Amino acid sequence: MQTEKEDEDDSSPEEYVALSDFTGSGSDQLSFSSGDRLLVHTKPSSEWWWAELHEVIGYVPACYLRKKGTEEEEDEEDTCPEDPWQDEEYFGSYGTLRLHLEMLSDKSRTEAYRQVILSNSASLRNKVVMDLGCGTGIISLFCARLAQPSLVYAVEASSMADYTRQLVKQNGCEEVVTVLQARAEEVEIPEQVDVLVSEWMGNCLLFEFMVESVLLARDRWLREGGIMWPSSAALTLVPCQAHSYYEEKMAFWEQPYGLDFTPLQPLAQQEFFTKPKFSHLIDPADCLSAPCDVITLDMHTLQVTDLEEIKGQFQFCMKKSGVFHGFTTWFTVHFESLETGGAAVELNTGPHAEPTHWKQTLFMLDKPESVCEGDTVSGSIVLRRNPVWRRHMTVSLHWNISSSTEATENCKVGTKNFPMWR
Ligand code: 6LC
């Protein structure tokens, strides 16, 4: 293995082609345009490579590049996928019950949608609704049972739609709910709708990018002045401790059975801390400061092109001393009322609300940092959509810890990019 590595380090730069435009941030990242040919000198990590363009050298995100090579190589799955949306796998998984059971069993989630419909039942009367990605049809059935819309178009691309049709019939809602098995992007209906409702949120809010389908359907099928449910979404971030996860995956190697296994720690870091940890339930006591909304999306104005790169900033003041192991994120969505002055409904997936099936997402730093009460952690977050694999993204976090007591020269900075999953 060692020889292979050395060979790699000694080899001459490799030529890559940019798959899409990229604007570098900071002085050490290169900017390039789609089709540019870059020379990759080294690959310090799987996400960021050291490359050259027009005699300028800097870091480039690996996922934006495709190896320049033979046609066969260019056709390789990894560089040029046949289906960048992986729809067969995606809709295949929604054709089975496992995910639907998980979603329906999530009381906070399902009750939030029920509450929205119940509290707007008067205004929903005679309205036309589209339920996008209706799954088993629960939201459409709530509409039909709890309000009197004139029609609900329940759109579902997976084969679950066959069963959804049966469920609609079984529950006596076939006069109101029309199930259409189609991708939202291709569905045809005879009219525009007053309300577009969907449960599209993924881990870290955007993962899966089902939101794109919602926006495309909005632009085609929502009438002028129609309502989006959810109407807005926010991604929340907090610097946190994660002692038990750190112990379990990293400190473990310090002394298993009285032996020193620390040479495995770089591997552990690579294996366990490179990608974010989904399904993390953060104890509110592990939040080192008050959380902060870093990204907010208005579902009426958000554009598909905005999704390529979404940036947010933060400044946290540590409310206690502890170990800064990483950042935790979660999201909240709001459903505006159809009535002027009516109360909005909220679905909050954070640690202070009832746990949902999304739980929270943990981003571990490579090295924990001790922080003191009063220190500030400021920085930025970027959600960068994968230009090839359209359901994936990389979350980049950049932070700066400044001590409230020590000299400012002591401030520590860090950057880390977390692929989810490509
Ligand atoms: C919801 C996912 C459901 O929406 C699931 O049943 C899936 O098949 C459907 N779906 C997703 N995208 C589309 C689309 N473009 N057209 C029609 N149906 C779609 C839960 N997923 C998350 N909240 N993450």
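The values are calculated or read from the model by the stated rules, or taken from the named source; none is laboratory data. Note that this is a predicted model, so its numbers are computed, not measured. Glycine also receives a Cβ, built like all others from the backbone with ideal geometry; neighbour counts cover every protein chain displayed.
Scanning the range 152-171 for residues that are surrounded by fewer than 20 Cβ atoms within 10 Å (Cβ to Cβ) and either in contact with a strand residue (DSSP E or B) (Cβ under 6 Å, 6 or more places away or on another chain) or closer than 22 Å to Glu89 by Cα (or both) yields Ser159, Asp162, Tyr163, Arg165.
With respect to Ala182, is the statement that it is closer than 24 Å to Arg390 by Cα and either modelled with pLDDT of 95 or more or of a type outside the set (Asp, Glu) (or both) true? When the stated conditions are applied, Ala182 passes them. Here Thr340, Thr332, Thr349, Thr356 are screened, and the one residue that is within 28 Å of Ser25 (Cβ to Cβ) and among the β-branched types (Val, Ile, Thr) is Thr332.
Results for (1) part of a strand (DSSP E or B); (2) without any contact (Cβ under 8 Å) to a residue 60 or more places away in the chain; (3) of a type outside the set (A, V, I, L, M, F, W, C); (4) closer than 23 Å to Phe324 by Cβ, shown as yes or no for each residue.
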residue: Phe207; (1), (2), (3), (4): no, no, no, no
residue: Leu215; (1), (2), (3), (4): no, no, no, no
residue: Gly226; (1), (2), (3), (4): yes, yes, yes, no
residue: Ala268; (1), (2), (3), (4): no, yes, no, yes
residue: Leu297; (1), (2), (3), (4): yes, no, no, no
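If the condition is being within 24 Å of the chain's Cα centre (by Cα), at pLDDT 95 or above and among the hydrophobic types (A, V, I, L, M, F, W, C), then the range 360-388 contributes Leu362, Phe363, Met364, Leu365, Val377, Ile381, Val382, Leu383.
Counting only residues that are under 15 Å from Trp200 (Cα atoms) and of a type in the set (Gly, Ala, Ser), how many does the range 109-139 have?
4
When the range 168-205 is filtered for residues that are of a type in the set (S, T, N, Q) and assigned to a helix (DSSP H, G or I), only Gln170 remains.
Considering the range 79-118 alone, what residues qualify as being among the hydrophobic types (A, V, I, L, M, F, W, C), part of a loop (DSSP other than H, G, I, E, B) and more than 16 Å from the ligand (Cβ to nearest atom)? Result: Cys80, single match. Pairing residues of the range 134-160 that are not assigned by TED's automatic domain parsing to the domain that holds Val176 with residues that are modelled with pLDDT of 95 or more, at Cβ distances under 8 Å and at least 6 apart in sequence or on separate chains, gives no pairs at all. Restricting attention to the range 119-168, the residues that are within 15 Å of the ligand (Cβ to nearest atom) and not aliphatic (A, V, I, L, M) add up to 15. In summary, Asp260 fulfils each of the numbered conditions (1) under 30 Å from Val211 (Cα atoms); (2) outside any helix (DSSP H, G or I) with the single exception of condition (1).
To keep it simple, each residue is scored yes or no on (1) surrounded by 19 or more Cβ atoms within 10 Å (Cβ to Cβ); (2) within 16 Å of the ligand (Cβ to nearest atom).
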residue: Val176; (1), (2): yes, no
residue: Gln181; (1), (2): no, yes
residue: Glu185; (1), (2): no, yes
residue: Asp194; (1), (2): yes, no
residue: Gly202; (1), (2): no, yes
residue: Asp219; (1), (2): no, yes
residue: Gly226; (1), (2): no, no
residue: Trp253; (1), (2): no, no
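With respect to the conditions (1) more than 30 Å from Trp330 (Cα to Cα); (2) within 13 Å of the ligand (Cβ to nearest atom), Asn171 lacks only one, and its number is (2). Looking at the range 126-135, is at least one residue within 25 Å of Thr332 (Cβ to Cβ) and part of a helix (DSSP H, G or I)? No, there is no match, as no residue in the range 126-135 is within 25 Å of Thr332 (Cβ to Cβ) and part of a helix (DSSP H, G or I).
Looking at Ala242, Ala251, Ala268, which is the one that is assigned by TED's automatic domain parsing to the domain that holds Pro355, within 22 Å of the chain's Cα centre (by Cα) and more than 30 Å from Asp298 (Cβ to Cβ)?
Ala242
Out of all the residues in the range 381-395, is one or more in a strand (DSSP E or B), out of contact with any Asp or Glu (no Cβ under 8 Å at 6 or more places or on another chain) and farther than 30 Å from Ser108 by Cα? Looking through the range 381-395, none of the residues is in a strand (DSSP E or B), out of contact with any Asp or Glu (no Cβ under 8 Å at 6 or more places or on another chain) and farther than 30 Å from Ser108 by Cα.
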